[in-house]
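Written below as C-alpha cells is the structure these notes are about.
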C-alpha cells in the first residue's frame with residue numbers, strides 16, 4: 001500500500017537516529033488520521049444528503065421535502081413575513097429612542113381587557129384558530145401597546161388650545177350636569193305597613209333613617225338608613241320621578257305603590273341642572289383629542305418609520321420589499 005511505503009521511507013530517512021518502535025508509532029498515527037478523515041467525509045456526505053432529502057409530509061406515497069416546502073413558503077409569504085419583521089424592528093427601535101416601554105403587567109391587563117368574559121376554553125380556541133401560541137399573542141399585544149405609547153408621546157398628538165375650545169363649544173350639551181336629587185326610602189310589601197310607618201314619621205322628632213334601618217325591606221338601602229345616594233332625576237322610575245318633582249327639600253312623601261311594593265321617600269337635597277365650565281372639562285377633552293390623534297398616527301407610523309430607515313434586502317426572492 002502507498003502509505004506503507006511512505007512509512008518505510010520515513011524510517012529510512014532517520015535510520016541512524018530512529019528505532020523500530022518510533023516507526024511503528026508513526027504508522028499508527030497515520031492510520032488513525034486517515035480513518036478519522038474518512039469518517040468525517042462520510043458523515044458530512046450522509047448529513048448533507050439527509051438535509052436535502054428530509055421529508056416533512058406524504059400524500060398517498062408522494063413525498064413533500066423540506067426544500068419544496070421552504071421554497072413555496074418563501075414564494076407565498078416571504079415578503080409579508082419579512083415586512084412584518086422589519087416593521088417590528090423599527091417600532092422597537094423607535095420605542096427605545098423615545099424612552100417608551102411596556103411592562104409585563106400592562107400586557108396582562110390588556111389581555112384581560114380584551115378577553116372580557118371569554119372563557120379559558122374559548123380563548124384557547126381563538127388562539128388555535130389564529131395559529132398563535134400564548135407567547136405569540138403576548139408579543140403581539142406588547143407591540144401594539146408600544147405602538148400606542150409611541151404615538152401618544154408624539155408631539156403631533158397633542159391638541160392645541162384652539163382645538164380644545166372648539167370641541168367644547170360644539171359638544172357643550174354633553175358636559176351639562178342634569179338635575180340630581182339625594183333621596184332616602186323606606187320600602188315595605190303592603191299598603192297597611194306603609195301607612196303605619198308614614199303616620200310614625202309625622203310625629204315630632206321622628207327619625208327617617210332610624211325607621212328605615214328598623215322597618216324597611218329594601219336590601220340595597222336598609223343598612224344605610226334608606227340612603228339612595230345622589231341620582232339624576234331622569235334616571236328614576238317614572239312613578240318615583242313624579243313624586244320627587246312635587247317634594248320640597250326635607251319633605252316626606254305619602255306612601256305610593258310601585259311594581260307591587262310600597263314606598264315612602266324623603267328628599268334630602270336637590271341639585272339643579274348646570275353647565276360645566278371649560279376649565280372643569282379641559283383635561284378630559286385634551287385626553288380625548290390626544291387619544292383620537294394617536295389612533296390616527298398609529299395607522300401611518302410604520303410607513304413613516306420605513307421612510308426614515310435604510311432597509312436593504314439581499315435575497316432577490318424578497319425584492320422589491322415595499323413598506324406597509
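The values are calculated or read from the model by the stated rules, or taken from the named source; none is laboratory data. In this text the structure is predicted, and so the values were computed from the model without any measurement. So basically every Cβ, Gly included, is an ideal-geometry build from the backbone, and we count neighbours across all protein chains shown.
Restrict the check to the stretch 201-217 and report whether at least one residue is out of contact with any helix residue (DSSP H, G or I) (no Cβ under 7 Å at 6 or more places or on another chain), under 18 Å from residue 260 (Cβ atoms) and modelled with pLDDT of 95 or more.
Yes.
More than 39 Å from the chain's Cα centre (by Cα), more than 30 Å from residue 296 (Cβ to Cβ) and surrounded by 15 or more Cβ atoms within 10 Å (Cβ to Cβ): does that describe residue 244?
When the stated conditions are applied, residue 244 passes them.
Looking at (1) part of a strand (DSSP E or B); (2) at pLDDT below 95, can you tell me which one residue 299 breaks?
With (1) part of a strand (DSSP E or B); (2) at pLDDT below 95 applied to residue 299, the lone miss is (1).
Among 149, 112, which is the only one that is assigned to a helix (DSSP H, G or I), buried (at least 17 other Cβ atoms within 10 Å of the Cβ) and out of contact with any helix residue (DSSP H, G or I) (no Cβ under 6 Å at 6 or more places or on another chain)?
The unique qualifying residue is 149.
Is there a residue being within 19 Å of the chain's Cα centre (by Cα), farther than 23 Å from residue 228 by Cα, outside any strand (DSSP E or B) and touching a residue at least 40 places away in the same chain (Cβ under 8 Å) anywhere in the stretch 175-183?
no
Listed here are the residues, each with its yes/no results for (1) touching a strand residue (DSSP E or B) at 6+ places or on another chain (Cβ under 8 Å); (2) part of a strand (DSSP E or B); (3) touching a residue at least 24 places away in the same chain (Cβ under 8 Å); (4) exposed (fewer than 15 other Cβ atoms within 10 Å of the Cβ).
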| position | (1), (2), (3), (4) |
| --- | --- |
| 230 | yes, yes, yes, yes |
| 234 | no, no, yes, yes |
| 254 | yes, no, yes, yes |
| 262 | yes, yes, yes, no |
| 267 | yes, yes, yes, no |
| 286 | no, no, yes, no |
| 290 | no, no, yes, no |
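Regarding residue 271, is this residue farther than 29 Å from residue 159 by Cβ and touching a strand residue (DSSP E or B) at 6+ places or on another chain (Cβ under 7 Å)?
Answer is yes for this residue.
Going residue by residue through the stretch 238-247, is there one that turns out to be part of a helix (DSSP H, G or I), touching a helix residue (DSSP H, G or I) at 6+ places or on another chain (Cβ under 9 Å) and closer than 30 Å to residue 167 by Cβ?
no
I'd like the residue in the stretch 94-109 that is part of a helix (DSSP H, G or I) and surrounded by 12 or more Cβ atoms within 10 Å (Cβ to Cβ) and, out of all such residues, is modelled with the lowest pLDDT.
98
It is to be established whether one or more residues within the stretch 56-69 are surrounded by fewer than 11 Cβ atoms within 10 Å (Cβ to Cβ) and part of a helix (DSSP H, G or I).
no
Which members of the stretch 152-174 meet the condition of being in a helix (DSSP H, G or I) and either assigned by TED's automatic domain parsing to the domain that holds residue 217 or without any contact (Cβ under 8 Å) to a residue 12 or more places away in the chain (or both)?
155, 161, 162, 166, 169, 170, 173, 174 - these are the residues of the stretch 152-174 that are in a helix (DSSP H, G or I) and either assigned by TED's automatic domain parsing to the domain that holds residue 217 or without any contact (Cβ under 8 Å) to a residue 12 or more places away in the chain (or both).
Report whether or not residue 143 is touching a helix residue (DSSP H, G or I) at 6+ places or on another chain (Cβ under 8 Å), under 20 Å from residue 306 (Cβ atoms) and in a helix (DSSP H, G or I).
So residue 143 fits the description; yes.
Report, by residue number, each residue of the stretch 214-225 that is surrounded by fewer than 16 Cβ atoms within 10 Å (Cβ to Cβ) and not in a loop (DSSP other than H, G, I, E, B).
Answer for the stretch 214-225, where residues must be surrounded by fewer than 16 Cβ atoms within 10 Å (Cβ to Cβ) and not in a loop (DSSP other than H, G, I, E, B): 214, 223, 224.
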